[in-house]
Amino acid sequence: MGLSNMEVKRMNRNNILRYILEKESVSKNTVASALDLSVPTVAQCLKELQELGLVEEEGAMKSIGGRKAMAFRAVKDAKAALGVDITRNHVNIVITDLAMRLIYSRRVNIRVCDEASFERLRQVICEAIEASRIPQDRILGMGVSLPAIIDGTGKKIFGMHEQMSISYEFYESVKDWFDFPVFMGNDADSAGRAESAVRKVRGNRVYFFVSPSVGGAVILDGKTFYGKNRRAGEFGHMILVPGGKKCYCGRVGCVNGYCSTENLSDLTGGDLDLFFRRLEEKDEACMEVWDRYLDYVALAVHNLLTSFDMEIIIGGYLGQYIGKYMDDLFRRVRKLDGYVTDPHFIEPAILKYEASAIGAAMVFTEQYIAGI
């Protein structure tokens with residue numbers, strides 16, 4: 001059975017809005033040509049999007065001969081979404097518009113563990129909304145990113161990936177703070193979603209999330225693959241060293257125990273940035289730890305390449321620093337797997353520490369755009 005006329009119209013509106021959100025301004029003819037639609041169809045969709053307040057006329061475009069075409073642009077801040085990424089010691093808060101542009105970003109030292117910290121969290125979210133000057137009725141929702149296994153409804157936590165004191169009833173605690181809806185998601189899945197959107201990934205990727213906890217996301221045909229029990233991408237708990245270090249999960253030898261960035265930051269009082277500054281200064285202790293650490297990361301990457309045979313993006317906290325060390329990492333992977341000949345098979349993430357928060361906010365912007 002084919003699509004109904006209403007479904008075709010919605011799909012056209014949706015595709016046109018997505019296209020215009022990526023541009024500064026466009027003409028009807030440009031949109032029609034890019035999306036293989038008739039000009040009357042584009043005109044009707046633009047009229048409907050204007051009525052929704054999502055597109056507006058910008059005046060005439062520069063003439064290249066003949067009558068000047070009217071320019072249209074997306075009202076990118078017509079709607080916005082909140083993203084809140086909660087880690088063991090920090091909270092990253094972002095507000096994004098429909099084009100995934102950052103309207104607001106803030107990183108706060110908060111250990112979310114008791115009623116006082118919950119109230120502080122609510123307060124900094126309120127401060128973010130006020131600072132952004134976005135009316136609450138334009139906020140689509142708040143996505144919360146956590147190092148946890150969370151069900152498909154975004155309301156129930158099944159397990160935490162770090163030794164955090166967040167209650168499994170966290171959703172119940174925050175859902176009534178604001179009038180807009182709340183959705184919880186895994187931190188690595190959220191970061192992978194944001195990274196895929198920035199790269200405009202349409203194919204397959206593995207996102208290797210390396211932070212104080214290690215995880216990942218599997219991207220198939222541009223979309224996150226969650227698996228039967230939403231545990232796809234739990235790379236941190238693959239066994240890397242049989243009989244090795246004890247992991248917080250209770251097993252021994254997990255990737256998490258060897259690739260967690262705490263292996264680095266523990267050398268500098270928990271300051272990962274300071275570790276890499278000292279590494280650049282050729283500090284001997286940091287160089288020794290880094291040499292050993294990079295071998296473990298290379299082994300983990302080799303295992304992922306062998307398992308998935310697709311490009312790997314290294315993100316999380318490590319993704320912010322790994323760029324200048326990619327040649328060294330690739331050489332180590334090559335020693336383990338001579339079939340890997342293309343160094344671009346492994347890439348550092350584009351997005352930095354805000355990635356998980358941006359991906360959490362995207363749940364609502366994507367949902368909204370898809371429903372236009």
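The values are calculated or read from the model by the stated rules, or taken from the named source; none is laboratory data. None of these values were measured; they are calculated from a predicted model. As a convention, Cβ positions derive from the backbone with ideal geometry for all residues, glycine included, and neighbour counts pool all protein chains shown.
Considering the stretch 1-98, the qualifying helices (runs of 4 or more DSSP H), each wholly inside and each with 1 or more residues that are among the acidic types (Asp, Glu), run over 5-21, 39-51. Within the bounds of the stretch 255-267, is there any residue that is free of Cβ contacts under 8 Å to residues at least 60 places away in the same chain, assigned to a helix (DSSP H, G or I), hydroxyl-bearing (Ser, Thr, Tyr) and buried (at least 20 other Cβ atoms within 10 Å of the Cβ)? Yes, the conditions are met somewhere in the stretch 255-267.
Examine the stretch 271-278 for a residue that is within 29 Å of Thr96 (Cβ to Cβ), over 21 Å from the mean Cα position of the chain (by Cα) and surrounded by 19 or more Cβ atoms within 10 Å (Cβ to Cβ), and state whether such a residue exists. Within the stretch 271-278, one or more residues are within 29 Å of Thr96 (Cβ to Cβ), over 21 Å from the mean Cα position of the chain (by Cα) and surrounded by 19 or more Cβ atoms within 10 Å (Cβ to Cβ). Among the residues of this structure, Phe180 counts as one that is closer than 28 Å to Ala116 by Cβ and touching a Gly at 6+ places or on another chain (Cβ under 9 Å).
With the checklist (1) buried (at least 23 other Cβ atoms within 10 Å of the Cβ); (2) free of Cβ contacts under 8 Å to residues at least 40 places away in the same chain in hand, flag the one item Ser213 doesn't pass. Evaluating Ser213 over (1) buried (at least 23 other Cβ atoms within 10 Å of the Cβ); (2) free of Cβ contacts under 8 Å to residues at least 40 places away in the same chain leaves (2) as the failure.
The rows are residues; the columns are (1) modelled with pLDDT of 90 or more; (2) part of a strand (DSSP E or B); (3) surrounded by 15 or more Cβ atoms within 10 Å (Cβ to Cβ).
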| site | (1), (2), (3) |
| --- | --- |
| Ala191 | yes, no, yes |
| Ala194 | yes, no, yes |
| Ala197 | yes, no, yes |
| Arg202 | no, no, no |
| Val206 | yes, yes, yes |
| Phe209 | yes, yes, yes |
| Ala217 | yes, yes, yes |
| Thr224 | yes, yes, yes |
| Arg230 | no, no, yes |
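Among helices (runs of 4 or more DSSP H) entirely within the stretch 281-372, having at least 2 residues that are more than 17 Å from the chain's Cα centre (by Cα) and not small (Gly, Ala, Ser) singles out 284-308, 326-336, 355-370.
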